[in-house]
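The values are calculated or read from the model by the stated rules, or taken from the named source; none is laboratory data. Since we're looking at a predicted model, the values are computed, not measured. Cβ sites come from the backbone with ideal geometry, for glycine too, and all protein chains shown count toward neighbours.
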Amino acid sequence: MLIVLVLGGFLGATLVRLAPGYGIDEEELDTRLSEQSVQALRQSHATEENLPRFYFGYLSKLLHGDLGVSQSLHRPVRQLLAERFPETLKSVGLGLALAWLAGLSLAIASVMSRLWIIDLATGLLASILLCVPAAVLALLFVIAQAPGRLVIGLIVFPKIFYYARNLLAASASLPHVVTARAKGLGGWRVLLWHILPVAGPQLLALAGVSISLAFAAAIPVEVLCDIPGIGQLAWQAALGRDLGLLVILTMLVTLVTLVANSGAELVAQPLRSGDA
């Protein structure tokens, strides 16, 4: 996990470093700046020209607890994270709650009702939301003056719905479930005792993946809806070619993804063993 964490941060910064236009600072276009000021701006990025040297120096500071100072925002990175990360946690938490509540509920309704009209309506709703770009959804919420945090839920919802519906439908067709229905067991009892226990480990794995999806969706949503979170900070860092800040943000998102996926796997493993 440590190796993946470091590689994730450094590879993210490498993509920005190799992107066209790197090394051109918009502040240099300010006619009020003197030649000395322009040279000072260029000198501030001189250490980033040699990527191996930059990574070695940055990692050395990181091991000593020094997160550095943002070159684009001129503030300590530690302070920026302390201010922004709670806002993103609120957005991701609310979005995941909405996505799972709607996605799992409609998936259960689609499978248990066995009516084609319900399956068609829920599938059509999920397909529409899946086809609409995240930026368009965010702009619609801005126009409607609706809470922008809910957009994350609408972005993640279709993926949860489709996977959960297919998983529950496959579990509902197993021989022991068909036998339970043939013996006259009620629909809710079949669901709680025979379908969900089989689909539980895969749903837990989906929970870990959905956290990664929500963090990825937070970037365009926070930028367009003006939510001061990690996503908006990452966008500002990318525009400002702030490699130091980008390394930390990429590592942070990578860490959340690894912890979520590993945690879901650890919880799901005993359930798989029990089913076996």
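Counting only helices (runs of 4 or more DSSP H) wholly contained in the range 163-243, the ones carrying 1 or more residues that are under 21 Å from A109 (Cα atoms) and among the basic types (K, R) occupy 175-182, 187-190.
The one condition from (1) within 30 Å of L18 (Cα to Cα); (2) crowded, with 18+ Cβ neighbours inside 10 Å; (3) over 17 Å from the mean Cα position of the chain (by Cα) that R165 does not meet is (1). Across the range 95-118, not a single residue is classified as assigned to a loop (DSSP other than H, G, I, E, B) and of a type in the set (S, T, Y).
In this structure, does R181 turn out to be within 24 Å of A97 (Cβ to Cβ) and among the basic types (K, R)? Considered against the rule, which asks whether it is within 24 Å of A97 (Cβ to Cβ) and among the basic types (K, R), R181 comes out as no. In the condition set (1) under 16 Å from the mean Cα position of the chain (by Cα); (2) at pLDDT 85 or above, A170 is compliant with all but (1).
Residues that are in contact with a Pro (Cβ under 7 Å, 6 or more places away or on another chain) and touching a residue at least 60 places away in the same chain (Cβ under 8 Å) were ranked within the range 103-142; the one that is nearest to S171 (Cα to Cα) is A134.
Of everything in the range 90-102, what is surrounded by 14 or more Cβ atoms within 10 Å (Cβ to Cβ) and in contact (Cβ under 8 Å) with a residue 40 or more places away in the chain? Give them in sequence order. Matches in the range 90-102: S91, V92, L94, G95, L96, L98, A99, W100, A102. Only one entry in G200, G184, G244 is buried (at least 19 other Cβ atoms within 10 Å of the Cβ) and over 16 Å from the mean Cα position of the chain (by Cα), namely G244.
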